[in-house]
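A.B. asks: I have a structure I would like to understand better, so I am pasting it below and will then ask my questions one at a time.
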Amino acid sequence: MRLGVLDVGSNTVHLLVVDAHRGGQPTPQLSRKSVLRLAEHIDKRGDLAIEGSDALVGAALGARRQARELDCDELIAFATSAVRDAGNSAQVLARVKEEAGVALEVLSGEDEARLTFLAVRRWFGWSAGRLLCLDIGGGSLELGVGDHEVPEVALSVPLGAGRLTRDYFDGDPPGKQSVEKLREHVADALKAPSKRLLADARPDRVVASSKTFRTLARLAGAAPSKEGPRVRRRLQINGLRQTIGFISRMASADLAELDGVSAARAHQTLAGAVVAEQAMLALGVTEFELCPWALREGIILQRLDAIG
């Protein structure tokens, strides 16, 4: 069957179209992103402003049209933290359904962690042993750990790269005091989650997914995307710290010129790097292995499993 997956995130609205069947590897046919930065359209009341809502309706309408043109059997549409946390979430969802004809399902943070874990497990297989997975989004950090396909612990922490950039950085580049203040906040926020994740046993493999981690790994010397998804990529603490020292002195416009850094996310790369660094320290590890599959693939796998 041909599936369309519409991912409404804090930074982008991403349409992924795949040909897939149960037991087989999904084959991408189209991947298209619209940069909306919804998290930056949250007003002082905590609502998604009209500009953000307008842009979301337009992106959803375009995605629905593309899915129809590509003969998708089904369009699965979901939203994460930016829409989930908006005070006017219900009104925004109703408007997208009425004006664009797209019914968005709002995922909880725990569901994000669970579905990302499923994707990582399927990618690495049972030989990976006990997995611990991390995914940095624009609004939240998802974490999961377990021996099976369903994580024993699935957590979502409000440590997204976009959220932290908005709340802690007031310059471009930010000052050293701002970076240190963020580092202290992240370290404190990860104390309780890390204890829960490590309570039963140490993981055999610690895996990171998401664009933020891929960007950091590339800046630290990992293989470029053109070498394909099956090349082993790792993000190590020493390389990460060197990267933080380097990018903390760069304006986002200059950072966006580097290989592997998208213009849409350049401004929040430093905050994501601080989260990655503090997560390593909290979990007592010195490296993350990267996985090319994440939440969207987890959504696809769950749907295929449900077909029976």
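A.B. asks: Which of (1) open to solvent by less than 20 Å² (accessible area, probe 1.4 Å); (2) in a helix (DSSP H, G or I); (3) over 30 Å from D19 (Cα atoms) does G298 not meet, given it meets every other one?
C.D. replies: The single condition G298 does not satisfy is (3).
A.B. asks: Quick one: A263 ticks every box in (1) closer than 29 Å to L107 by Cβ; (2) open to solvent by less than 40 Å² (accessible area, probe 1.4 Å); (3) of a type in the set (A, V, I, L, M) bar one, so which box is it?
C.D. replies: Status for A263: all satisfied but (2).
A.B. asks: What number goes with the only condition from (1) touching a helix residue (DSSP H, G or I) at 6+ places or on another chain (Cβ under 8 Å); (2) surrounded by 13 or more Cβ atoms within 10 Å (Cβ to Cβ) that K191 does not pass?
C.D. replies: (2)
A.B. asks: Before we move on, is V150 open to solvent by less than 30 Å² (accessible area, probe 1.4 Å) and β-branched (V, I, T)? Break it down into steps so the answer makes sense when it comes.
C.D. replies: Working: open to solvent by less than 30 Å² (accessible area, probe 1.4 Å): no; β-branched (V, I, T): yes.
When the stated conditions are applied, V150 does not pass them.
A.B. asks: Could I ask something else about it? Need a quick list: strands (runs of 3 or more DSSP E) entirely within the range 146-240 having at least 2 residues that are touching a Pro at 6+ places or on another chain (Cβ under 9 Å).
C.D. replies: Details: elements: 153-157, 205-209, 234-236.
Once the strands (runs of 3 or more DSSP E) in the range 146-240 are filtered for at least 2 residues that are touching a Pro at 6+ places or on another chain (Cβ under 9 Å), what remains is 153-157.
A.B. asks: With respect to R68, is the statement that it is closer than 25 Å to A294 by Cα and of a type in the set (K, R) true?
C.D. replies: Values: closer than 25 Å to A294 by Cα: yes; of a type in the set (K, R): yes.
Answer is yes for this residue.
A.B. asks: Determine whether the range 273-287 contains at least one residue that is surrounded by fewer than 20 Cβ atoms within 10 Å (Cβ to Cβ), under 16 Å from S210 (Cα atoms), among the hydrophobic types (A, V, I, L, M, F, W, C) and out of contact with any His (no Cβ under 8 Å at 6 or more places or on another chain).
C.D. replies: No, the range 273-287 contains no residue that is surrounded by fewer than 20 Cβ atoms within 10 Å (Cβ to Cβ), under 16 Å from S210 (Cα atoms), among the hydrophobic types (A, V, I, L, M, F, W, C) and out of contact with any His (no Cβ under 8 Å at 6 or more places or on another chain).
A.B. asks: Take the residues in the range 206-227 that are more than 19 Å from R121 (Cβ to Cβ) and open to solvent by less than 20 Å² (accessible area, probe 1.4 Å); name whichever of them is nearest to the chain's Cα centre (by Cα).
C.D. replies: The residue in question is T212.
A.B. asks: Under 6 Å by Cβ, and 6 or more places apart or on different chains, what pairs join a residue from the range 65-80 that is of a type outside the set (D, E) with one that is part of a loop (DSSP other than H, G, I, E, B)?
C.D. replies: A77/V102; A77/L104; F78/L107; A79/L104; T80/G9; T80/L107
A.B. asks: Moving to a separate point now. In the range 121-142, is there at least one residue being of a type in the set (A, V, I, L, M), buried (at least 23 other Cβ atoms within 10 Å of the Cβ) and in a helix (DSSP H, G or I)?
C.D. replies: no
A.B. asks: Here is a further query. Among the residues of the range 127-137, are any under 19 Å from G284 (Cβ atoms) and among the charged types (D, E, K, R)?
C.D. replies: Yes, because at least one residue in the range 127-137 is under 19 Å from G284 (Cβ atoms) and among the charged types (D, E, K, R).
A.B. asks: Only one of R232, R241 is loosely packed, with under 12 Cβ neighbours inside 10 Å and touching a residue at least 24 places away in the same chain (Cβ under 8 Å); which? First the steps, then the outcome.
C.D. replies: Numbers: R241 fails: loosely packed, with under 12 Cβ neighbours inside 10 Å.
Unique residue meeting the criteria: R232.
A.B. asks: Still on this model: Look at L270 and say whether it is surrounded by fewer than 20 Cβ atoms within 10 Å (Cβ to Cβ), outside any loop (DSSP other than H, G, I, E, B) and at pLDDT 95 or above.
C.D. replies: On the way: surrounded by fewer than 20 Cβ atoms within 10 Å (Cβ to Cβ): no; outside any loop (DSSP other than H, G, I, E, B): yes; at pLDDT 95 or above: yes.
So L270 fails the test.
The values are calculated or read from the model by the stated rules, or taken from the named source; none is laboratory data. None of the values given here were measured: they were computed from a predicted structure. Cβ: placed from backbone, ideal geometry, glycine included. Neighbour counts: every protein chain shown. The protein model used for the area step is the full one, side chains on, heavy atoms only, and it has no ligands, DNA or RNA in it. Shrake-Rupley method; radii C 1.70, N 1.55, O 1.52, S 1.80 Å.
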